[in-house]
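One structure is given here, and the rest of the page talks about it.
The values are calculated or read from the model by the stated rules, or taken from the named source; none is laboratory data. These figures come from a predicted structure and were not determined experimentally. Glycine also receives a Cβ, built like all others from the backbone with ideal geometry; neighbour counts cover every protein chain displayed.
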Amino acid sequence: MTLPLDDIRVIEIDSWMAAPSAAAILSDLGADVIKIEPLEGDPMREMTRPAKVDGPFKGYDFQFDVDNRGKRSIAVDLGSDAGREIVHRLCATADVFLCNLLPRRQEKFGLAPEQLLATNSKLVHATLTGYGTNGPEAERPGYDVTAFFGRSGLYDSMRDGPEGSVPGARPAQGDHTTGLALLSGILAALRLAERTGEGQVIETSLYETAAWTLATDYGVTVADRAPVRRRSRLQQIVATANRYPCGDGNWVVFNMPQAKSWRGFCVALGLDHLLDDPRLQDTKGRFDNMAELVETIDATLAAKPRDEWGPIFDEHGLIWGPVLGLHEVPADPQAVAIGLFPSIEHDQHGTYQTVRAPMRIRNVDIAPRRSSPKMGEHTRSVLSDAGFDDESIDLLAADRVVATGQSVPGTD
């Protein structure tokens with residue numbers, strides 16, 4: 001089967017989750033992705049939440065695997081002249097160079113756009129940073145909780161009411177969103193490079209991607225500069241666009257902001273008497289009495305568990321969704337139907353499930369090709385393909401310029 005990017009080679013120098021997630025999807029799309037790690041490995045290795053499983057996959061690094069599946073790994077000391085020469089040699093025949101190094105580190109290691117384009121004038125050079133590559137914060141390290149959620153205004157806008165505390169975020173939410181932005185830039189740049197025959201330089205950042213996720217708010221905020229209105233459940237504008245707990249403690253969320261939804265909502269919940277309440281005859285009246293109204297709806301929904309309410313909501317045509325726990329989603333019939341969690345065959349341990357890239361092309365199998373590599377697992381084969389003979393590779397390994405899978409403790 002022809003894959004969209006099966007003629008594309010990607011050289012990747014990055015760590016953690018944001019940039020690696022973009023490279024993982026490039027691999028899913030068919031690209032040959034070579035991950036260049038430091039001799040001690042990507043710091044993300046072995047720093048993640050272990051799965052509560054026994055058997056052959058006990059202790060397996062599933063979170064690292066998500067962002068590094070399908071890649072080949074080589075370990076290179078970028079601080080050495082020989083190591084930098086290896087990278088340039090690999091980039092000479094690559095289509096994409098992808099990194100998350102700050103500008104000064106790119107310059108230090110000979111990986112800045114001008115330096116690599118001198119080696120390969122048709123290269124797409126892609127950078128992901130915390131805050132961008134110019135301005136006062138260009139050299140500031142950024143992570144999703146600081147650059148994506150914090151500085152962008154996202155955390156502040158998500159407070160539960162004016163006095164609400166700053167919420168938390170799950171791991172890599174901002175990273176993976178920004179990885180998609182980087183992916184889209186790379187795909188566009190590849191198309192432009194193909195048309196012009198010239199290399200391209202692209203970048204994105206956690207900070208600006210987060211601003212794009214808030215663009216609906218910013219469309220107003222950049223005009224009036226007013227603080228965003230943070231509303232708790234008891235302060236929502238309409239009761240039919242709010243979230244509520246059911247009798248079993250599971251929550252549901254409704255999104256029916258139009259005033260015409262009020263009647264059907266009341267009928268579905270058996271709250272017909274509210275239709276005659278003189279205080280609730282229009283949107284303003286319902287807003288003015290929102291706290292009492294939410295209390296009434298909470299008490300009504302407490303009479304049944306979520307799974308009994310669902311068919312009732314559907315029967316009355318309500319627009320709603322269950323608030324599922326993460327552990328529930330892999331068994332969700334909709335997730336199963338769209339193949340959201342495909343399986344990968346590990347060459348040693350067996351089969352396990354992962355999360356697929358969030359796009360599909362009809363009649364094209366966009367899926368993980370194989371599990372993530374061990375650190376330095378492919379150093380020898382990649383260097384051999386690049387023209388290094390066995391003696392040269394042995395010397396590089398002996399000088400600690402590279403590490404092969406056999407020379408890295410714990411990877412045999």
Quiz prompt | Selected residue (only one of Asp347, Asp399, Asp365 is in contact (Cβ under 8 Å) with a residue 40 or more places away in the chain and more than 30 Å from Arg84 (Cα to Cα)) | solution = Asp365
Exercise. Run down Arg45, Arg49, Arg72 and say which single residue is touching a His at 6+ places or on another chain (Cβ under 9 Å) and over 14 Å from Tyr352 (Cβ atoms).
Key: Arg72
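Rundown of residues vs (1) basic (Lys, Arg); (2) surrounded by 13 or more Cβ atoms within 10 Å (Cβ to Cβ); (3) within 21 Å of Ser21 (Cα to Cα); (4) without any contact (Cβ under 8 Å) to a residue 60 or more places away in the chain, yes/no style:
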residue	(1), (2), (3), (4)
Ala169	no, yes, yes, yes
Gly179	no, yes, yes, no
Arg195	yes, no, no, yes
Gly199	no, yes, no, no
Ile202	no, yes, yes, no
Tyr207	no, yes, yes, no
Quiz prompt | Gly410 being modelled with pLDDT under 90 and in contact with a helix residue (DSSP H, G or I) (Cβ under 6 Å, 6 or more places away or on another chain) | solution = no
Quiz item: Does any residue of the range 173-189 turn out to be over 21 Å from the mean Cα position of the chain (by Cα) and hydroxyl-bearing (Ser, Thr, Tyr)?
Solution: no
Quiz item: crowded, with 23+ Cβ neighbours inside 10 Å and modelled with pLDDT under 95, is that true of Ala147?
Solution: yes
Practice problem: Please work out if Pro373 is surrounded by 18 or more Cβ atoms within 10 Å (Cβ to Cβ) and part of a loop (DSSP other than H, G, I, E, B). | Solution: yes
Practice problem: Scan the range 117-134 and give yes if some residue there is at pLDDT 95 or above, of a type in the set (Phe, Trp, Tyr) and in contact with a helix residue (DSSP H, G or I) (Cβ under 6 Å, 6 or more places away or on another chain), otherwise no. | Solution: no
Quiz item: Going by the conditions given, is Ala211 in contact with a Lys or Arg (Cβ under 9 Å, 6 or more places away or on another chain), crowded, with 17+ Cβ neighbours inside 10 Å, at pLDDT below 95 and of a type in the set (Gly, Ala, Ser)?
Solution: no
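This table checks each residue for (1) crowded, with 20+ Cβ neighbours inside 10 Å; (2) assigned to a loop (DSSP other than H, G, I, E, B); (3) in the same structural domain as Asp175 (by TED's automatic domain parsing).
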residue: Pro4; (1), (2), (3): no, yes, no
residue: Ala22; (1), (2), (3): yes, no, yes
residue: Ile36; (1), (2), (3): yes, no, yes
residue: Gly41; (1), (2), (3): yes, yes, yes
residue: Lys52; (1), (2), (3): no, yes, yes
residue: Pro56; (1), (2), (3): no, no, yes
